[in-house]
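The structure appears below as structure tokens.
The values are calculated or read from the model by the stated rules, or taken from the named source; none is laboratory data. As the structure is a computational prediction, the values presented were derived from the model and not from experiment. In this analysis, Cβ positions are derived from the backbone assuming ideal geometry, glycine residues included, and neighbour counts consider all displayed protein chains. Only protein heavy atoms, including side chains, enter the accessible area calculation; ligands, DNA and RNA are left aside. Shrake-Rupley method; radii C 1.70, N 1.55, O 1.52, S 1.80 Å.
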Amino acid sequence: MKLRMKIIYCTPRGTEAAFHSEFMPAGAVLLLMEDMQQNGRVVQMELIDQYETEWTLKELRAYMKELEIEPHHVRLFADGGFEKHSGRSGLGCVVHYEQNQKEFRLRRNREVEQLASNNEAEFAALHFGIGILGELGVQNQEIEVFADSRAVIMQMSGEWPVYEKELQYWADKTDDLLKEFGLSVQYTHVDRKQNKEADQLASQALKKIEIDSTIQK
């Protein structure tokens, strides 16, 4: 989650000025607000998230405390592969996250059938990955999604329209999951080298090699 701050600062002689920040990570906002509160010169403060919801400092502290035990700082890498001759697809996902002050990496893949193209496999891989986040209990926060499919990134972020019926199906299913879990997404396109682990998992799924592992980094 990201928030922006609005504060009214008052000098010892009574001069007041209002300051507005850009959107910043919740942890950084909490540190700044607590630091400014200590000098006693902030006479008014407002915290607004991306959805224009107002937060109190007490609510923000409680939210950050919950994050200590819930998965957070989530980064999802997703990739899909498709075999035209067999009609089989492989989905691969890597999830990096923090929990209880530790860092973890989850790797999982899946073989699926009845998809029509490599593009559809890429969309299905993203949906697969968001489903994994639900299993982990990732809720009500901003996540980062990385994929080497420009179509997935641009269409899911709303930069490109989705014309193909089968891709719209997966886009809608993914958006439904995101709403269910209360997640907002920062989509980033990466090259294949940066997504090689998810790509390898998708390839292994096509070879019927099942991977499901979580390790502490």
**Report entry** Qualifying position, being part of a strand (DSSP E or B), surrounded by 20 or more Cβ atoms within 10 Å (Cβ to Cβ) and of a type in the set (F, W, Y), among F77, F123
**Finding:** F77
Query raised in the report: Somewhere in region 30-46, is a residue open to solvent by less than 40 Å² (accessible area, probe 1.4 Å), part of a strand (DSSP E or B) and in contact (Cβ under 8 Å) with a residue 12 or more places away in the chain?
Result: yes
Report task. Kindly indicate whether any position in region 165-179 is in contact with a helix residue (DSSP H, G or I) (Cβ under 8 Å, 6 or more places away or on another chain) and in a loop (DSSP other than H, G, I, E, B). Result -> no
Query raised in the report: From the list Q141, Q101, which one is touching a helix residue (DSSP H, G or I) at 6+ places or on another chain (Cβ under 9 Å) and either under 30 Å from G27 (Cα atoms) or modelled with pLDDT of 95 or more (or both)?
Result: Q141
Requested in this report: Could you please tell me which pairs satisfy a Cβ distance under 8 Å, a separation of 6+ or placement on different chains, a first residue in region 190-206 that is under 14 Å from E122 (Cβ atoms), and a second residue that is hydrophobic (A, V, I, L, M, F, W, C) and part of a helix (DSSP H, G or I)?
Outcome: A198/A125; A202/A121; A202/A125
Query raised in the report: If we scan region 166-186, do we find a residue that is open to solvent by 60 Å² or more (accessible area, probe 1.4 Å), of a type in the set (A, V, I, L, M) and over 27 Å from F23 (Cβ atoms)?
Result: no
Query raised in the report: Of all residues in region 54-74, which are within 15 Å of V138 (Cα to Cα), in a strand (DSSP E or B) and touching a Leu at 6+ places or on another chain (Cβ under 8 Å)?
Result: V74
